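Here's the structure, in structure tokens; my notes come after.
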Amino acid sequence: MTTSLHDKIAVVTGASRGIGRATALALARAGAHVVVTARNREELDTLAQEIEALGRRALVAAGDLSDTDQALGVAEAALATFERVDILVNNAGVGKFGTLDTLTIDDYDWMMNTNMRATFLATKAFLPGMIERREGWIAFVGSVAGLNGLPNETLYCASKHAQYGFARSLDHECRPHNVKVSYIAPGGVNSYFAFGTGRTQGDPKLETYLDNEDVADAVLFALQQPPKSRIFLVGLRPMGEQL
């Protein structure tokens, strides 16, 4: 028996492209109404139209969630429209690959702010309502980089380890309040991720990676667990990826 997401209110960060976009559409197909947020309003508007074509309500709340004021603005817009948020998918993330000597302080700030600060601000905004209602789901779209150290990914791994540690601690805090926490840890995904900062669009190797929809399905698998069950960690890998 799975949990129905019909008429649940979901917020998906980093929703304009890739995994976030696929997850927003998967949630809508499962019956949820979806608040989509990212920095690119034009792409969000197109996504919202697709969600509404599925018979679900959509709210576009564009903003940079690593910025405190913009993150609060997104939360206020979501709660003003829907009054509550049942599901938060912390998906927004960036990465730049290379040996440590090629990475800069600005690279560090960019990755830590997007991958961890935005996660913290979004969670801080929506968790209190879930605790008050004693119902809620928080899913983190993380990475295998949050579980292991990988070459040429020192800063990216650091940011994703921080996110994983945050999620693990949050799971302990949330369980007594009947709020479920899940961390989805995919390997390589054929998405827009890191184009120009370590990956090249059109690289044939991308075709061997997971599809965005594969990860979206894993998010829904975690969210739709029966009431007495929770899955904290979901790992998925491309068949051809070396461990």
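Rounded to the nearest angstrom and listed largest first, the equivalent-ellipsoid semi-axes of the stretch 1-54 from its Cα gyration tensor are 20, 11, 9. Please compute, over every Cα-Cα pair in the stretch 57-177, the percentage with a separation greater than 17 angstrom. Everything past 17 Å amounts to 58 percent. Relative contact order, whole percent, for the chain stands at 20, derived from Cα pairs under 8 Å and 6 or more residues apart.
For the chain, the longest principal axis of the C-alpha atoms and the axis of helix 154-174 are separated by about 30°. Counting only Cα atoms, the size of the stretch 115-161 along its three principal axes is 43, 16, 10 Å, in decreasing order.
Using only the alpha carbon atoms of the stretch 90-147, find the Kirkwood hydrodynamic radius as the inverse mean reciprocal pair distance, in angstroms to one decimal. Computed over the stretch 90-147, the radius equals 13.2 Å. Exposure check, 1.4 Å probe, all protein chains in place: residue 172 carries approximately 110 Å² of accessible surface.
A DSSP coil position with no more than 10 other Cβ atoms inside 10 Å describes the following GluC sites (Glu not before Pro) in the stretch 8-104: 83. Taking label positions 7 Å along the Cα-Cβ direction at both residue 233 and residue 192, the computed distance is 3.1 nm, reported to one decimal. Here residue 46 and residue 101 are evaluated by their C-beta separation; at R0 = 41 Å the FRET efficiency comes out at 0.55.
Taken over the stretch 1-109, the alpha-carbon convex hull comes to 116 cubic angstrom per residue. By the rule of a C-alpha distance below 19 Å, with chain neighbours fewer than 8 residues away ignored, the lysines paired with residue 160 are 96, 124. Taking the chain as the reference, fit the longest principal axis to its C-alpha atoms, fit the long axis of helix 118-133 to the helix C-alpha atoms, and give the angle between the two in degrees, 0 to 90, nearest 10. For helix 118-133, the angle is close to 20 degrees. For the stretch 119-243, what D do you get in µm² per second when you plug the Kirkwood radius from alpha-carbon pairs into Stokes-Einstein at 10 °C and 1.306 mPa s? Here the translational diffusion coefficient equals 101 µm²/s. Helix 18-29: angle to the longest alpha-carbon principal axis of the chain, degrees 0 to 90, nearest 10? On a 0 to 90 degree scale, this one is about 20. Radius of gyration (Cα atoms) of the stretch 189-243, expressed as a multiple of 2.2 N^0.38 Å: 1.41. Under 5 Å between amide hydrogens, built in the peptide plane, is the criterion, and for residue 59 it picks out 34, 35, 36 among residues at least 5 positions away or on other chains. Entry for the chain at q = 0.13, 0.15 Å⁻¹: log10 I(q)/I(0) = -0.74, -1.01, Debye formula applied to identical alpha-carbon scatterers, no solvent contribution.
The values are calculated or read from the model by the stated rules, or taken from the named source; none is laboratory data. Quick caveat: nothing in here was measured; it's all calculated off a predicted structure. No Cβ is skipped: glycine too gets one built from the backbone with ideal geometry, and neighbour counts run over all protein chains shown. With ligands, DNA and RNA removed, areas are computed over all heavy atoms of the protein, side chains included. Shrake-Rupley method; radii C 1.70, N 1.55, O 1.52, S 1.80 Å.
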